[in-house]
Amino acid sequence: MKKTYGNTAGLKANQIKRLENFYRRRIPPEFLLTLELAREICRLSREIRRQIGILVNRRGKVCFVIVGDNKKIVIPDTGEYRADPGRLKGLRCIHTHLTPETLSEDDLTDLALLRLDMMAVISSNPEGLPQKIHVAHIMPKKSRKNPYQLLTPLNPGNLNIDCLALIQALEDELARVSSGHEAGSNTERALLVSASSGTKRQAKESLAELRDLVRSSGLEIVGSVTQQRKKSDSRILIGPGKLQDLAILALQEAATVIIFDQELNPSQIRSITDRIELKVIDRSQLILDIFAQRAQSREGKLQVELAQLKYLLPRLVVKNTAMSRLTGGIGGRGPGETKLEINRRRAREKIAGLEKAVFSVTKHRQQQKAKRYKKGLRVISIVGYTNAGKSTLLNTLTKSNVAAESRLFATLDPSSRRLRFPRDIEVIITDTVGFIKDLPNDLMVAFRATLEELEDADLLLHIIDISNPRYEEQIKSVEKILADLNLQNTATIRVLNKMDRVSPQTSTRLSQKLKGIAISARSKVTLLPLIEEMEKRI
Ligand SMILES: Nc1nc2c(ncn2[C@@H]2O[C@H](COP(=O)(O)OP(=O)(O)OP(=O)(O)O)[C@@H](O)[C@H]2O)c(=O)[nH]1
Ligand SMILES: [Mg+2]
C-alpha cells in the first residue's frame with residue numbers, strides 16, 4: 001500500500017488506513033471524482049481537521065494522497081511525472097477546504113507552477129457533507145489578464161463533466177496555439193527573464209544583448225518577461241506573481257528552458273526550480289554554453305570544460321532536481337557535444353585533471369611564444385567586444401580568412417597572422433576572443449592563459465562597433481576587462497568600425513569624441529589611415 005504524503009503526525013491508525021485506502025479507488029474517465037470518494041474525503045477531512053488532497057491521473061487512478069493542515073496542503077515532488085514542454089502534467093488535484101471558500105490564490109499558483117490538468121476544491125458543511133465543487137484549469141490562449149478558466153461550480157451529485165475529453169481538448173488547444181513547435185523537434189524554446197534592479201533603459205539594453213546571445217546559441221526565443229525590482233528578492237529574484245505569469249507563459253509557448261539575464265546563485269536556482277518545473281539557466285551559463293559549442297582547439301575545449309565544471313560544482317545540490325533537468329541540450333552541453341558530468345565527486349576529480357591538462361598545454365604554448373620572441377617580431381593584438389569586427393579586420397588586413405560571422409563569440413581560439421607594412425616592417429597580428437559585459441568569472445579565469453598573450457602585445461587595436469547602440473557601454477566593458485588584465489597602460493588605438501553603417505557626420509563626430517580612427521573593416525581602402533597610425537606607433 002502506498003504511503004500518505006504530508007502531515008500525518010498524530011493521526012490514529014484507522015485514519016491513516018482510511019487515507020491509504022484512497023489509493024484503491026478508481027474514478028471513471030469522464031468523472032472528475034465519484035460522489036462516494038468525495039463524501040469520504042470530506043468526512044475524514046472534517047474529522048482530522050486538516051485539508052486532504054488527492055492527485056489523480058488521466059486513467060482515474062489516485063497517485064498521491066496528501067494531508068495538509070487546516071489551511072493548506074503541500075503538493076509533494078511529482079518530478080517523475082511527465083513534464084513535456086507545452087503539455088500538462090497528466091495529474092489533477094482535488095482537495096478539501098475546511099471553510100466554505102472557492103479556489104485560493106495558492107491553489108491557482110500551484111495549478112500554474114505544477115501545470116496540473118485541473119485544480120478542484122471541495123468544501124463541506126459541518127456534518128461533513130460535500131458542498132459545491134470549484135474547478136479551474138489553465139487557459140491555453142494567451143490572455144495575460146485571465147490565464148485561468150473557472151468552471152461553473154459543480155454539484156457533488158453530478159460529477160460527470162467529460163473530464164478526460166475536456167483535458168485532452170485543452171492540451172490539443174495548447175499544442176495548436178504554440179504551433180510552429182513540432183513535438184520532438186530538437187530546437188530548444190527559450191523564455192527570457194530579466195529581473196533588473198538597474199534603470200529601465202539598462203534592463204532593455206541588457207535584454208537585447210541576451211536575445212543576441214540566445215540566438216547565437218541557436219535557440220528559439222518564444223517570449224520574454226521583465227520585472228523592475230527596487231531590490232532583487234534574494235530568494236527567487238522575481239516576485240511570486242511574476243513567477244506565476246512565467247509558468248503559464250512557458251506552458252502556453254511550450255518553452256523548454258527559462259533563461260535569466262541576471263546571474264543566479266546556487267540557492268536561487270534551487271528555489272526557482274523547486275517552484276517551476278522547467279530547466280532554468282542564467283546568462284553566464286548561456287555564455288559558457290556558446291563557448292562550449294564554439295571551442296575548436298584542444299586548449300579552448302579544455303578551458304571551457306573547466307569553466308563549466310567550476311560553475312556547476314556549487315550548483316550541484318543534494319536534491320538534484322535543478323541539475324537533473326540539465327542533462328541534455330542547452331546548459332548541459334560540454335565542448336564537442338559530450339554531456340557534462342554532473343556528479344559532484346567526479347566533477348571534482350575532473351576539474352583537477354583538467355587543470356593539469358590546461359597547465360601543460362599552456363606551457364607548450366609559452367615555449368612556442370619564446371621561439372617567436374627570438375625572431376624579434378612585434379605583436380599587435382586586436383581586442384574588442386564580441387561581434388565588433390575583429391576577425392573581419394584581421395582578414396582584410398592580411399588577406400586571410402578567419403571565420404567572421406554575425407553571431408556572438410564567432411572566434412574563440414586566437415589566431416595570428418603576419419602583416420607586412422608598406423615600409424617593409426613585419427609584425428604579428430593576432431585576433432582574440434571577444435569580450436562581453438559581466439564575463440562569467442570562471443570563464444575569465446579559464447581564458448586567462450589565452451588572454452595573457454595580450455601582455456606581449458606591443459600595441460592593442462580596440463575595435464568598437466559604432467553602429468551598435470550599446471557601443472558606449474561596450475567600450476567601458478572592454479576597458480574594464482583590459483584593466484583587470486593589467487593592460488591599461490599598453491599602447492592602444494581605438495578603431496571605430498562599421499562606419500559604413502552610420503552617417504559620415506556621426507562617424508566624424510565620434511572619431512573626435514572617442515579619439516579614434518573610423519574604418520569599415522570590410523573595405524580595404526578605409527583602412528589606410530589606420531595602417532599609417534599602426535606603423536607610426538610600432
Ligand atoms: N557593415 C559592416 N559589417 C561589418 C564590418 N566589419 C564586420 N562586420 C560584420 O560584423 C559581423 C561580426 O564580425 P566578426 O569579424 O566576426 O566580429 P568579431 O569581433 O571577430 O566577433 P567575435 O569573434 O564573435 O568576437 C560579421 O557579420 C561581419 O561581416 C563593417 O565594417 N561593416
Ligand atoms: Mg572573431
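The values are calculated or read from the model by the stated rules, or taken from the named source; none is laboratory data. The model shown is predicted, which means the values in this text are computed figures rather than measured ones. Glycine also receives a Cβ, built like all others from the backbone with ideal geometry; neighbour counts cover every protein chain displayed. To get the accessible areas, we keep the full protein, side chains included, count just its heavy atoms, and leave off ligands, DNA and RNA. Shrake-Rupley method; radii C 1.70, N 1.55, O 1.52, S 1.80 Å.
At a glance:
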quantity: Crossing angle, helix 240-252 versus the chain [Cα axis fit, 0-90 degrees, rounded to tens]; calculated: 90
quantity: Global geometry of region 402-526, whether rounded, prolate or oblate, following the gyration tensor of its Cα atoms and the 1.5 cut on a/c; calculated: oblate
quantity: Sorted peptide list for 283-291, 483-491, 242-250, 528-536, criterion being average Cβ within 10 angstrom, highest first; calculated: 283-291, 242-250, 528-536, 483-491
quantity: Cα gyration tensor category, rounded, prolate or oblate, for region 5-177 with a/c compared to 1.5; calculated: prolate
quantity: Residue-by-residue Karplus 3J(HN,Hα) for region 51-57, coefficients 6.51, -1.76, 1.60, Hz, glycine and proline x; calculated: 6, 10, x, 10, 10, 10, 8
quantity: Amide H contacts under 5 Å for Lys279, placed H, 5+ residues apart; calculated: Ile258
quantity: Degrees, to the nearest 10: 298-312 long Cα axis against longest axis of the chain; calculated: 40
quantity: Accessible area of the chain belonging to carbon and sulfur atoms, whole % at 1.4 Å probe; calculated: 49
quantity: Cα gyration tensor, the chain - rounded (a/c under 1.5), prolate or oblate; calculated: prolate
quantity: Calculated [θ] (222 nm, deg cm²/dmol) that DSSP helices of n ≥ 4 give over the chain, each run adding -39,500 (n - 2.57); calculated: -12000 deg cm²/dmol
quantity: Angle between the chain longest axis and helix 200-216 axis [Cα atoms, degrees, rounded to 10]; calculated: 80
quantity: For the chain, accessible area per residue (1.4 Å probe, heavy atoms of protein chains only), Å²; calculated: 46
quantity: Karplus-derived 3J(HN,Hα), 6.51/-1.76/1.60, for each residue of region 91-107, Hz, glycine and proline x; calculated: 10, 10, 10, 10, 9, 9, 10, 7, 9, x, 8, 8, 4, 8, 4, 4, 4
